[in-house]
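The values are calculated or read from the model by the stated rules, or taken from the named source; none is laboratory data. Since the model is a prediction, treat every value here as computed from it, not as a measurement. Here the Cβ is made from the backbone with ideal geometry for all residues, glycine too, and neighbour counts use every protein chain on show.
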Protein chains: 2
Amino acid sequence: MSGEGAAARLMIRAGAWRGPTAGLAPGFVQANLVVLPAGSAGDFRIFCERNPRPCPLLDVTTAGCSVPDPGLAANADLRTDLPRYRIYRDGRLAEEVEDLLDAWQPDWVAFLLGCSFTFEGALLAAGIPVRHLECGSNVPMYRTTVACRPAGALAGPLVVSMRPIPRGLVAQAVAITARFPHAHGAPVHAGDPAGIGIEALDRPDYGDPVPIEPDEVPVFWACGVTAQAVAEAARIPLMITHAPGHMLVTDRRNQESLGPSARHTPPSVL
Amino acid sequence: MSGEGAAARLMIRAGAWRGPTAGLAPGFVQANLVVLPAGSAGDFRIFCERNPRPCPLLDVTTAGCSVPDPGLAANADLRTDLPRYRIYRDGRLAEEVEDLLDAWQPDWVAFLLGCSFTFEGALLAAGIPVRHLECGSNVPMYRTTVACRPAGALAGPLVVSMRPIPRGLVAQAVAITARFPHAHGAPVHAGDPAGIGIEALDRPDYGDPVPIEPDEVPVFWACGVTAQAVAEAARIPLMITHAPGHMLVTDRRNQESLGPSARHTPPSVL
């Protein structure tokens, strides 16, 4: 058990923090949240499994259960422990709320997906600059022409995030992020944006543009927004996510470069 | 690709075989089928993952898709390629049918689970007798007092199958079956049936009793009927299974003691 992640969740649950979670409980894994009705959750789960780079699964709950794997976040409640949520209807943002206590339904299934905060901390620790953090802006994200592996009606392009990295540090940035397969892992592309169908780096599809210096290479990582973009494209009648940047803070340390929660491949109890 | 499994499926699809599949395409893995509406499929999947000994998952389809992983059974259609199916409503057997072409619904999710045929072949090959095969009867199965790990509303006792093994061959039987973790693996118990809450070996809860000779030890393996018993106990409104012994014949060889289908932990395509 780690006090800091739990303390951050309790502070949020008490209503004492409604801002972005970057910087809360530094060193602990933060997770993206996606909630879907059980009828559409199975295909989404298979989509994540087939596209583990953009959608690294940390946990999946049973229907109606808002309590995630205690090994990931002890005593957490996904209805209250994130600062802000977004409710999408028919693929469009319908509402932003501060908890899901009233909205929660007995057939809702929650997914927790790994997030790039994990590897950004490791990049910074190695002295590799992370531009959007320097700028105090959102990371720039782009739709690519790389197709995800579809699952049922869920199909669409891979979305990537981009970080400009000094040319001499690219190899090190690859090596560092590769250690975190459950936080998107190694980059999927570096260099010419056209190679993955990106037309203009200064016009990201999500987030904010960042300057690229002459000695820097744009480096692209698979991005969790892929899941959201695909679910939106499929016009899923109801989907709930965390508000961007307002994540679940877990009890798992970033350095534990673990696989999916033990819950997914449990040793037999027999 | 292996012709024998595919040939068995085509024969069944053509209506030329409606009997049990034991003995068809010897050496190839056969699989249990469970079909559930998408709304109840997620919890069933988590139940299987939490109880891999009785419920070893080989494949899960997306909603409405009756085509399993081609790496497990190429060009198969789960609506037609098993000889006989059972439809349960509210936990009770409602109907037995020879195909699911008319019944199939766009929200149905199919699960394929490993089966003990795989390890029985290996026992026989090693010269270890398999009593119910000698008797030409069904394997005896028992409810135990060992609780499965629950998943949502799905909870219940582990069901085991029993095979009497000559005392001097028990260790070998354990070693052989342990090689097949996706066909129930090593025994969960051997010896005194009371140790797992079985009162009378001559009164199995499912299947037929078999004689036990004085030099033999009853050996118990986790059994796929667990899934069915638990789903029935939860009174799931609709569930479809293969008729007992009327399995899906796959293209995978028994000797490939593989983990879950590559579909579940696919290498990234990126």
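Could you check how many residues of segment B:52-83 are more than 14 Å from residue B:115 (Cα to Cα), in a loop (DSSP other than H, G, I, E, B) and within 12 Å of chain A (Cβ to nearest Cβ)?
Here the count works out to 7.
Please determine whether any residue of segment B:116-139 is at positive phi and either not in a loop (DSSP other than H, G, I, E, B) or not basic (Lys, Arg) (or both).
Within segment B:116-139, one or more residues are at positive phi and either not in a loop (DSSP other than H, G, I, E, B) or not basic (Lys, Arg) (or both).
Taking the condition farther than 20 Å from residue A:183 by Cα, at pLDDT below 95 and of a type in the set (Asp, Glu), does residue A:90 pass?
yes
Being part of a helix (DSSP H, G or I), of a type in the set (S, T, N, Q) and closer than 13 Å to residue A:221 by Cβ is the filter here, so list the residues in segment A:146-179 that pass it.
A:177
State which residue pairs qualify: first residue surrounded by fewer than 18 Cβ atoms within 10 Å (Cβ to Cβ) and inside segment B:126-143, second residue part of a loop (DSSP other than H, G, I, E, B) in any location, beta carbons under 6 Å apart, and separation of 6 or more residues or different chains.
Cβ pairs passing all conditions: B:135/B:210; B:137/B:208; B:138/B:207; B:138/B:208.
Can you tell me which residue in segment B:14-31 is modelled with the lowest pLDDT, limited to those that are within 17 Å of residue B:125 (Cβ to Cβ) and not small (Gly, Ala, Ser)?
B:26
Take residue B:201 and decide whether it is touching a helix residue (DSSP H, G or I) at 6+ places or on another chain (Cβ under 7 Å), within 20 Å of residue B:241 (Cα to Cα) and among the aliphatic types (A, V, I, L, M).
No, not satisfied.
Mind checking which pairs have a first residue in segment B:217-246 that is within 18 Å of residue B:85 (Cα to Cα) and a second that is part of a helix (DSSP H, G or I), Cβ under 7 Å, 6 or more apart or different chains?
From residues that are within 18 Å of residue B:85 (Cα to Cα), the pairs are B:227/B:48; B:231/B:44; B:236/B:40; B:239/B:231; B:241/B:228.
Report whether or not residue A:208 is out of contact with any Gly (no Cβ under 9 Å at 6 or more places or on another chain), in contact (Cβ under 8 Å) with a residue 24 or more places away in the chain and in a loop (DSSP other than H, G, I, E, B).
So residue A:208 fits the description; yes.
Find all pairs meeting these conditions: Cβ atoms under 8 angstrom apart; at least six residues apart or on different chains; first residue within segment A:65-94 and free of Cβ contacts under 8 Å to residues at least 24 places away in the same chain; second residue of a type in the set (Asp, Glu).
Pairs found: A:67/A:77.
For segment B:40-51, how many residues meet the condition of being within 8 Å of chain A (Cβ to nearest Cβ) and crowded, with 22+ Cβ neighbours inside 10 Å?
7
Restricting to segment B:153-178, and then to whatever is in contact with a strand residue (DSSP E or B) (Cβ under 6 Å, 6 or more places away or on another chain) and of a type in the set (A, V, I, L, M, F, W, C), can you tell me which residue is surrounded by the fewest Cβ atoms within 10 Å (Cβ to Cβ)?
Going through the qualifying residues, I end up with B:170.
Pull up segment B:84-96, narrow it to residues that are at negative phi and surrounded by 15 or more Cβ atoms within 10 Å (Cβ to Cβ), then point me to the one that is farthest from the other protein chains (Cβ to nearest Cβ).
Across segment B:84-96, the extreme among qualifying residues is B:84.
When you look at residue B:208, is it surrounded by fewer than 17 Cβ atoms within 10 Å (Cβ to Cβ), out of contact with any Phe, Trp or Tyr (no Cβ under 6 Å at 6 or more places or on another chain) and over 26 Å from residue B:241 (Cα atoms), yes or no?
Here the answer is no, as residue B:208 does not meet what is asked.
Exactly one of these conditions fails for residue A:242: (1) closer than 21 Å to residue A:124 by Cβ; (2) more than 14 Å from chain B (Cβ to nearest Cβ); (3) under 14 Å from the mean Cα position of the chain (by Cα). Give me its number.
Evaluating residue A:242 over (1) closer than 21 Å to residue A:124 by Cβ; (2) more than 14 Å from chain B (Cβ to nearest Cβ); (3) under 14 Å from the mean Cα position of the chain (by Cα) leaves (1) as the failure.
With the structure loaded, tell me whether residue A:150 is surrounded by fewer than 19 Cβ atoms within 10 Å (Cβ to Cβ), touching a Leu at 6+ places or on another chain (Cβ under 8 Å), in contact (Cβ under 8 Å) with a residue 60 or more places away in the chain and of a type outside the set (Lys, Arg) or whether it fails that test.
no
Report yes if some residue within segment A:6-25 is assigned to a strand (DSSP E or B), in contact (Cβ under 8 Å) with a residue 24 or more places away in the chain, under 23 Å from residue A:184 (Cα atoms) and not aromatic (Phe, Trp, Tyr); otherwise report no.
No, segment A:6-25 contains no residue that is assigned to a strand (DSSP E or B), in contact (Cβ under 8 Å) with a residue 24 or more places away in the chain, under 23 Å from residue A:184 (Cα atoms) and not aromatic (Phe, Trp, Tyr).
Please determine whether any residue of segment B:101-118 is farther than 14 Å from residue B:242 by Cβ, of a type in the set (Ser, Thr, Tyr) and within 10 Å of chain A (Cβ to nearest Cβ).
Among the residues of segment B:101-118, not one is farther than 14 Å from residue B:242 by Cβ, of a type in the set (Ser, Thr, Tyr) and within 10 Å of chain A (Cβ to nearest Cβ), which makes the answer no.
Checking residue B:182 against (1) touching a residue at least 60 places away in the same chain (Cβ under 8 Å); (2) outside any helix (DSSP H, G or I): exactly one of these is not met. Which one?
(2)
Residues of segment A:235-252 being at pLDDT below 90 and at negative phi, which ones?
Passing the criteria: only A:244.
Taking residue B:27, is it closer than 18 Å to residue B:228 by Cα, away from chain A (no Cβ under 14 Å) and surrounded by fewer than 21 Cβ atoms within 10 Å (Cβ to Cβ)?
So residue B:27 fails the test.
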